[in-house]
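Asker: Questions regarding the structure given below will be posed in turn.
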């Protein structure tokens with residue numbers, strides 16, 4: 001009995017049957033079976049052997065004959081006919097080419113931008129094990145997610161856990177330091193302190209100095225190449241000294257080359273954190289807030305040995321919080337880990353080192369690029385189908401001569417691939433000119449040269465070819481299936497293709513969605529920039545404050561407000577609109593063990609007058625009330641609510657904890673309630689705020705009234721220098737500074753604006769091409785109507801009617817979709833514009849106008865023809 | 001038509017075909033080559049060679065009657081053609097001629 005085991009593997013036989021010539025199969029298979037049957041033992045080894053025997057038969061003599069196609073010649077012929085086809089119909093070719101070039105260009109640029117965004121912090125060695133610690137603290141009902149952590153956390157992490165290879169803290173001095181070398185002095189915004197291991201943990205390449213040793217001595221500094229150039233020109237800066245804030249001399253121990261690196265941390269100077277710690281220690285000793293678990297002033301980075309250790313530490317972090325955090329925060333706080341290469345795109349916390357990228361913008365950009373591409377591909381498909389009539393004769397003749405469907409398809413595919421490849425090449429060349437513009441739009445320094453590698457180019461052209469094939473396959477199959485005997489019929493199924501209608505509707509749909517989006521995005525951006533923030537932002541100047549001026553503030557202020565252009569000046573710590581820090585407060589009825597964390601800002605007198613913010617109750621700090629100096633608070637309306645006071649709170653008591661201490665540093669009474677104003681960006685709702693009086697300002701806020709801005713600055717500078725020579729006058733216009741809060745929205749609206757223009761061009765030329773084909777088919781009809789006396793406007797209507805229906809359907813679908821999309825986007829903001837229904841009408845109108853004018857152009861051209869010419873011959 | 005000379009393995013297969021007269025077919029040749037010369041030959045290699053020889057016109061193939069073994073499949077039998085016969089003889093003569101010209105001494109020296 002032959003069991004399954006005894007017979008040769010069936011699959012192998014099937015395989016043999018598949019590839020082997022039928023006249024040989026019997027003899028060969030017989031031999032194989034005979035030799036197999038002869039074997040005494042049959043097991044998997046013999047089966048395997050059988051397979052091997054079969055494989056050895058894959059030789060030319062045994063293979064079935066493939067059709068003897070003269071591929072090379074056919075290919076040559078296809079190339080030639082494709083080339084001729086493209087040249088024959090110049091309009092068709094140029095429309096396709098223009099649309100594709102535009103679309104590929106946009107995709108290429110978006111691709112560059114996306115890959116640039118994704119490359120952030122990839123250069124650190126072992127970046128997969130490098131994490132940043134972040135904290136989340138809940139207080140007074142508000143959650144504060146901070147990128148910064150407490151200073152003692154680094155050593156605690158190191159002591160509590162094994163598997164932590166290194167911990168590095170980074171700290172940015174609270175006021176921008178002044179760096180002096182001989183007669184060169186600049187304030188430097190990118191000065192940081194970092195732990196000793198900084199350069200061995202992070203991958204910033206040193207062009208001078210040993211990464212392990214550059215930060216060993218407290219009085220050392222590593223500078224960037226840019227800074228080396230700025231202070232030392234061509235000379236060698238290593239070993240030279242720079243003066244830090246006029247207090248300390250720092251020796252340059254290394255130079256870092258970080259100009260081309262994409263990193264969420266961008267620096268010009270790195271000094272050892274020990275130096276800053278020593279300075280603090282001299283002032284406050286062990287009581288300094290840097291030794292306490294309150295102040296989240298440092299960014300802390302941890303390098304783990306491996307992922308397993310990271311997982312373990314992450315699981316232990318809640319216990320870590322319990323062990324170290326202050327009693328009142330323990331229950332509502334947590335620590336999180338962010339992998340370093342995720343920070344740029346995903347992190348958006350308080351106290352980031354610099355504004356990060358936006359993943360949602362990235363997604364929107366990619367989506368827009370894909371949509372534009374689809375639009376171009378649709379043009380392509382539609383035009384090819386519309387051109388099918390002329391092509392049909394060619395196809396018919398080829399068919400009559402015996403061409404198979406696959407040959408016809410391959411001919412048409414070659415044509416589309418040819419078109420795609422040429423647009424790919426043109427787009428690549430054009431990219432050289434668009435990249436600077438891309439850099440301007442995105443505020444990056446992408447260099448195309450970095451991407452010009454062989455493998456990238458290869459991939460690019462492979463992709464283009466693939467896209468060409470995908471775009472060409474539908475019309476090619478459709479046209480090749482065409483029955484030869486139908487070809488002579490003028491009206492073919494082609495002109496009524498449902499697919500074509502659907503594709504055109506999709507084009508209009510995408511255009512309408514883009515138009516609506518662009519209007520709403522622009523309106524929202526305009527709204528963010530112009531909405532009444534509750535304070536004056538025009539004609540306001542923010543001047544960087546300095547100690548020397550704070551000490552002499554009254555005299556300084558008097559001199560300044562003597563200037564006729566200046567209306568008022570006050571000292572502040574936080575620029576209105578840019579946010580505040582938080583401190584712990586205890587209200588009159590409250591408990592000291594459960595303080596409320598409230599945003600607080602310190603100002604001088606006159607703040608409400610200078611910024612023009614109205615009072616709801618009471619008064620702002622006033623020189624006429626000496627007790628204001630240390631016994632008064634002002635709240636905003638929201639803070640009154642958060643503290644649980646329903647009526648007028650004037651006279652209520654409030655206590656303020658010192659930063660990082662357990663001591664009450666101030667007890668005071670509420671003297672006034674100021675009206676809510678937007679002290680943060682419009683992404684946030686107006687929160688509570690407490691105002692306290694101070695004399696150590698970070699900025700001066702100046703209200704001026706003049707059109708001659710340069711003259712004002714000149715005058716201000718002379719007053720400034722009269723009070724001190726050390727610091728340069730640094731100033732910004734408040735409204736300009738506030739604009740930077742909305743750079744993301746600016747980037748988005750810039751790009752969407754551009755995308756809409758490109759989309760309309762692509763869709764427009766598509767309609768142009770399509771209608772020209774349709775019109776040319778109806779030339780005779782129009783001529784007869786002309787003879788019978790039709791009006792031109794009716795001709796336009798007649799020819800545009802099918803398109804008008806499509807526009808109408810597209811609009812009806814696009815309105816709810818874009819409404820939904822924009823609702824989603826607007827939900828990112830606390831304050832949004834109303835979506836006006838007029839926008840939808842406008843979008844519909846724009847598409848309609850484009851359609852009617854484009855088809856109208858052809859219609860008019862047709863009516864201009866002499867009817868005799870078009871009717872003479874049949 | 002085609003090449004007039006024989007490759008080494010081709011010659012071996014031809015000799016087997018000649019030896020086995022009307023009984024020559026793929027597997028039998030394989031076995032015979034292995035038993036006579038001690039070198040293994042795969043079925044694929046033999047069939048490929050036979051196909052080549054057939055193309056050169058040295059052998060011809062025809063199907064046998066159905067057999068009991070091999071699941072009732074017929075064998076592809078191989079027969080030598082006249083042209084094959086003369087080529088084989090020519091090849092042998094050429095080699096014998098060469099062999100006779102080698103003095104014993106010369107061969108031993110090598």
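Asker: Of (1) farther than 22 Å from residue A:26 by Cα; (2) more than 14 Å from every other protein chain (Cβ to nearest Cβ), residue B:10 satisfies all except one. Which?
Answerer: Only one criterion in (1) farther than 22 Å from residue A:26 by Cα; (2) more than 14 Å from every other protein chain (Cβ to nearest Cβ) is unmet by residue B:10, namely (2).
Asker: Given A:147, A:62, A:72, which one is in contact with a helix residue (DSSP H, G or I) (Cβ under 9 Å, 6 or more places away or on another chain) and either more than 30 Å from residue A:35 (Cβ to Cβ) or at pLDDT 85 or above (or both)?
Answerer: From the options A:147, A:62, A:72, the qualifying one is A:147.
Asker: Related question: Please verify whether the range A:352-375 includes one or more residues that are touching a strand residue (DSSP E or B) at 6+ places or on another chain (Cβ under 6 Å) and touching a residue at least 40 places away in the same chain (Cβ under 8 Å).
Answerer: The answer is no, given that none of the residues of the range A:352-375 is touching a strand residue (DSSP E or B) at 6+ places or on another chain (Cβ under 6 Å) and touching a residue at least 40 places away in the same chain (Cβ under 8 Å).
Asker: Look at residue A:205 and say whether it is touching a strand residue (DSSP E or B) at 6+ places or on another chain (Cβ under 9 Å), within 17 Å of residue A:299 (Cα to Cα) and surrounded by fewer than 19 Cβ atoms within 10 Å (Cβ to Cβ).
Answerer: In short, no.
Asker: Hey, another quick one. Hey, residue A:182 hits all of (1) within 20 Å of residue A:249 (Cβ to Cβ); (2) surrounded by fewer than 19 Cβ atoms within 10 Å (Cβ to Cβ); (3) touching a residue at least 12 places away in the same chain (Cβ under 8 Å) but one; which does it fall short on?
Answerer: Of (1) within 20 Å of residue A:249 (Cβ to Cβ); (2) surrounded by fewer than 19 Cβ atoms within 10 Å (Cβ to Cβ); (3) touching a residue at least 12 places away in the same chain (Cβ under 8 Å), only one is false for residue A:182: (3).
Asker: Just checking, which of A:676, A:648 is touching a helix residue (DSSP H, G or I) at 6+ places or on another chain (Cβ under 6 Å) and either at pLDDT below 85 or closer than 30 Å to residue A:829 by Cβ (or both)?
Answerer: Only one candidate passes the filter, namely A:676.
Asker: Now for a separate question. Out of A:761, A:792, which single residue is touching a helix residue (DSSP H, G or I) at 6+ places or on another chain (Cβ under 9 Å) and over 30 Å from residue A:526 (Cβ atoms)?
Answerer: A:792
Asker: Quick one: in the range A:249-267, which of the residues that are over 36 Å from the mean Cα position of the chain (by Cα) and surrounded by fewer than 17 Cβ atoms within 10 Å (Cβ to Cβ) is farthest from residue A:548 (Cα to Cα)?
Answerer: A:251
Asker: Still on this structure, please answer the following. May I ask you to verify whether residue B:41 is buried (at least 19 other Cβ atoms within 10 Å of the Cβ), touching a helix residue (DSSP H, G or I) at 6+ places or on another chain (Cβ under 7 Å) and part of a helix (DSSP H, G or I)?
Answerer: Criteria not met by residue B:41.
A quick yes/no check of all residues on (1) closer than 20 Å to residue A:89 by Cβ; (2) surrounded by fewer than 17 Cβ atoms within 10 Å (Cβ to Cβ); (3) more than 34 Å from the chain's Cα centre (by Cα):
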position: A:751; (1), (2), (3): no, no, no
position: A:760; (1), (2), (3): no, no, no
position: A:783; (1), (2), (3): no, no, yes
position: A:792; (1), (2), (3): no, yes, yes
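Asker: I need a count of the residues in the range A:609-639 that are more than 45 Å from the chain's Cα centre (by Cα) and within 26 Å of residue A:539 (Cβ to Cβ).
Answerer: Count: 2.
Asker: Consider residue A:151 carefully, then state whether it is more than 14 Å from chain B (Cβ to nearest Cβ), surrounded by 21 or more Cβ atoms within 10 Å (Cβ to Cβ) and not in a strand (DSSP E or B).
Answerer: yes
Asker: Continuing with the same structure: Can you tell me which residue within the range A:21-57, out of those that are over 17 Å from residue B:28 (Cβ atoms) and assigned to a loop (DSSP other than H, G, I, E, B), is nearest to the other protein chains (Cβ to nearest Cβ)?
Answerer: Here the residue is A:57.
Asker: Step by step: first the residues of the range A:546-576, then only those that are surrounded by fewer than 21 Cβ atoms within 10 Å (Cβ to Cβ) and under 39 Å from the mean Cα position of the chain (by Cα), then the one that is farthest from residue A:664 (Cα to Cα). Which residue is that?
Answerer: In this case the residue turns out to be A:575.
Asker: For the range B:44-60, name all the residues that are free of Cβ contacts under 8 Å to residues at least 40 places away in the same chain, surrounded by fewer than 21 Cβ atoms within 10 Å (Cβ to Cβ) and either in a loop (DSSP other than H, G, I, E, B) or within 12 Å of chain A (Cβ to nearest Cβ) (or both).
Answerer: B:45, B:48, B:51, B:54
Asker: Filter the range B:61-78 down to the residues that are more than 9 Å from every other protein chain (Cβ to nearest Cβ) and either assigned to a loop (DSSP other than H, G, I, E, B) or within 12 Å of the chain's Cα centre (by Cα) (or both) and list them by number.
Answerer: Correct list: B:68, B:78.
Asker: Hey, another quick one. Taking into account only those residues within the range B:79-88 that are within 11 Å of residue B:13 (Cβ to Cβ) and part of a helix (DSSP H, G or I), which is farthest from the other protein chains (Cβ to nearest Cβ)?
Answerer: B:88
The values are calculated or read from the model by the stated rules, or taken from the named source; none is laboratory data. Since the structure is predicted, the reported quantities are computational estimates derived from the model, not experimental observations. Methodologically, a virtual Cβ is constructed for each residue, glycine included, from the backbone with ideal geometry; neighbour enumeration extends over all protein chains shown.
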